Ligand SMILES: Nc1ncnc2c1ncn2[C@@H]1O[C@H](COP(=O)(O)OP(=O)(O)O)[C@@H](O)[C@H]1O
Ligand SMILES: [Mg+2]
């Protein structure tokens, strides 16, 4: 394995990337809900751990117990890596409701807390699943752009490699204001497509961009298996419409 690259843990995807993700890159994984972002990020995490990398995994949507249990279902036991401190697993609540007087107030310090954690717990691999709340909690597009670019340059200054998931908006298929698409070095896009006879939904993946390295541009089909995500070598379901 090329030392300058990190395997994604998914052989078909590594093949599309001619080996894996470039170390030092910030790679985005964009897709609608249920498209496999969390699963793919856990698969990449487990592979990075077993390859000997120190990792920081920040979850904004699942508890530690849930992540440990669900990973085990695919044969990925992350607990020993938490115990030996190779993995820092941080489960955060992007927003909380606090009772003040008789009213509930929404409070959040997520846009400060997330960069603080990334900078304090410096690890070779940083995974954030998802970054969506961080963007939504900014007051406007300018703030979200500058905060996201600030976070990404901090990751690069720390010589880390990042894998960051983001929710695609249903109508457009891209993230809010396309900020993640714009700010990342590389972008993996997950989509669901309906077969021509409308009988099934197929999951597909495409590398929309990957700066500095050679990569495939074709759309490939993938599936969820008991061992995680498997990317197939060809795409053979006809699209409808
Ligand atoms: N073993 C499995 N067999 C079939 N489908 C699975 C399996 N594991 C996960 N899935 C599918 O994975 C999806 C959840 O993926 P997830 O990574 O949570 O998506 P996202 O994070 O993009 O919302 C579910 O919609 C489910 O259909
Ligand atoms: Mg998810």
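Each value in this text was obtained by applying a stated rule to the coordinates, not by laboratory testing. Remember, predicted model here, so these are calculated numbers, not experimental data. Here the Cβ is made from the backbone with ideal geometry for all residues, glycine too, and neighbour counts use every protein chain on show.
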Shape metrics for the chain, restricted to C-alpha atoms - Rg then Dmax, Å: 18.0, 59
Stretch gain in nm, segment residue 69-residue 149, where the contour uses 0.36 nm per residue and the Cα spacing is subtracted: 25.5 nm
Share, in percent, of DSSP beta bridges within the chain that are antiparallel, nearest 5: 50
Cα-based radius of gyration of the stretch 34-104 once divided by 2.2 N^0.38 Å, which approximates compact folds: 1.34
Sites residue 192 and residue 4 - FRET efficiency at Förster radius 25 Å, r taken between beta-carbons, to 0.05: 0.15
Cβ crowding within 10 Å averaged over residues, with 139-148, 31-40 ranked highest first: 31-40, 139-148
5 Å-binned pair-distance histogram of the stretch 65-187 (Cα, whole percent): 2, 9, 17, 20, 18, 15, 12, 5, 2, 0
The chain: most fluctuating residue of 187, 17, 106 per GNM, C-alpha cutoff 10 Å: 106
Two-decimal log10 I(q)/I(0) for the stretch 1-135, as the Debye equation yields it once each C-alpha is a single scatterer, q = 0.20 Å⁻¹: -1.30
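How long are the semi-axes of the equivalent ellipsoid of the stretch 144-241, taking √(5λ) for every eigenvalue λ of the Cα gyration tensor, in whole Å from largest down?
Ellipsoid semi-axes (Å, largest first): 29, 16, 12.
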Highest-fluctuation residue, 100, 191, 116 considered, GNM on the chain with Cα pairs under 10 Å: 100
The stretch 95-241: relative contact order in percent, alpha carbon pairs under 8 Å with at least 6 residues between: 14
Ranked packing of 118-125, 56-63, 192-199, most packed first, by mean Cβ within 10 Å: 56-63, 118-125, 192-199
Evaluated over the stretch 168-213, the Cα radius of gyration and Dmax, each in Å: 13.1, 40
Gain upon complete extension [residue 214, residue 156; 0.36 nm per residue less C-alpha separation]: 18.8 nm
